[in-house]
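Notes follow once the structure below has been shown.
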Amino acid sequence: MAPDTSPKPQAGGAVIASGSLGRIAAVPWKNEGGQTRELCVEPPEADFSSFAWRASVADVGRDGVFSTFAGIDRTIVLLEGGGFTMHADGAQIHDLRECFVPFSFSGESDVSVRLHGAPTLDFNLMVRRDLASGEVVALSEQNSRRLPADTVLLYVAQGAACLSDVSGMQRQLRSGEFVRLREGAVLPDLLCAAGAMVLAIRIRRQT
């Protein structure tokens, strides 16, 4: 994860890292069929075989196949572009056409995609199911005040937002920026500007 080193106030100590998509270098997918930029991985520095959960943003520029990940639950969210149909075992399983609507599927599935036209930008969450469960919640001006329980990461997909807490500390966020929140901390409030969309990533550890 590439941290944003510029000095910014912390929202009640809940924010433990931050960054911007534009400052993260793109790397090939596991199967080299596309490019991805890793926002956060837990534990830090974990590889594909050892992460508990991982959040990233991927570029899909052509028809092709997704990498497979045994034991992983996946969620994908269209951020930009025309979207694509997803196929597995010879049948269509989803039409990823509408932005900011999460779709979950199994990492073991042999998924192929066919673009509707323009290349896409997609948010991806991967969670190792024997360690945790995860969810992506899309928040807008209408439903953003109180963050969902167990939120550990926020990604501003569109527009601008602000984190604030009861002490009066605030943190401004713009499109493409993200913050890592301390697990178990008192969560700050999130205020979304008109037209903004923020993805809240919830992680619940297995007991």
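Condition first: among the small types (Gly, Ala, Ser), farther than 26 Å from LEU139 by Cβ and free of Cβ contacts under 8 Å to residues at least 40 places away in the same chain. Now tell me which residues in the stretch 59-99 satisfy that.
Step one: list which residues in the stretch 59-99 are among the small types (Gly, Ala, Ser), which gives 61, 64, 67, 70-71, 81-83, 88, 90-91.
Those still in the list that are farther than 26 Å from LEU139 by Cβ too: 61, 64, 67, 70-71, 88, 90-91.
Hits for the stretch 59-99 are SER67, ALA70, ALA88, GLY90, ALA91.
What number goes with the only condition from (1) surrounded by fewer than 16 Cβ atoms within 10 Å (Cβ to Cβ); (2) farther than 15 Å from ARG145 by Cβ; (3) in contact (Cβ under 8 Å) with a residue 60 or more places away in the chain; (4) not basic (Lys, Arg) that GLY168 does not pass?
Condition not satisfied by GLY168: (3).
In the stretch 105-116, is there at least one residue being part of a loop (DSSP other than H, G, I, E, B), at pLDDT below 95, closer than 23 Å to VAL198 by Cβ and not small (Gly, Ala, Ser)?
There is no residue in the stretch 105-116 that is part of a loop (DSSP other than H, G, I, E, B), at pLDDT below 95, closer than 23 Å to VAL198 by Cβ and not small (Gly, Ala, Ser).
Given the structure, is ASP59 loosely packed, with under 13 Cβ neighbours inside 10 Å and either modelled with pLDDT of 95 or more or under 17 Å from MET126 (Cα atoms) (or both)? Quick ask: steps written out before the conclusion?
Working: loosely packed, with under 13 Cβ neighbours inside 10 Å: no; either modelled with pLDDT of 95 or more or under 17 Å from MET126 (Cα atoms) (or both): yes.
So ASP59 does not fit the description; no.
Mind telling me which of the residues PRO43, PRO102, PRO28 ends up being touching a residue at least 12 places away in the same chain (Cβ under 8 Å) and not aliphatic (A, V, I, L, M)?
Values: PRO43 fails: touching a residue at least 12 places away in the same chain (Cβ under 8 Å); PRO28 fails: touching a residue at least 12 places away in the same chain (Cβ under 8 Å).
Only one candidate qualifies: PRO102.
Within the bounds of the stretch 69-80, is there any residue that is modelled with pLDDT under 90 and either out of contact with any strand residue (DSSP E or B) (no Cβ under 6 Å at 6 or more places or on another chain) or among the acidic types (Asp, Glu) (or both)? Please lay out each step first, then the result.
Of all residues in the stretch 69-80, those modelled with pLDDT under 90 come to none.
No, that holds for no residue.
Would you check which residues across the stretch 84-101 are surrounded by 12 or more Cβ atoms within 10 Å (Cβ to Cβ), more than 16 Å from THR68 (Cα to Cα) and not β-branched (Val, Ile, Thr) and list them?
Result: PHE84, HIS94, ASP95, LEU96, ARG97, CYS99, PHE100.
What pairs come up if the first residue lies in the stretch 131-154 and is closer than 19 Å to VAL15 by Cα, the second is in a loop (DSSP other than H, G, I, E, B) and at pLDDT below 95, and their beta carbons are under 7 Å apart, counting only those six or more places apart or on different chains?
VAL137/PRO148; LEU147/LEU187; THR151/LEU187; VAL152/GLU183
I want to confirm something. Restricting to the stretch 28-50 and keeping residues that are at pLDDT 90 or above and under 23 Å from VAL156 (Cβ atoms), which single residue is surrounded by the most Cβ atoms within 10 Å (Cβ to Cβ)?
Once the filter is applied, the top-ranked residue is LEU39.
The values are calculated or read from the model by the stated rules, or taken from the named source; none is laboratory data. Values in this document were obtained by computation on a predicted structure and should not be read as measured data. We place every Cβ from the backbone using ideal geometry, glycine too, and count neighbours over all the protein chains shown.
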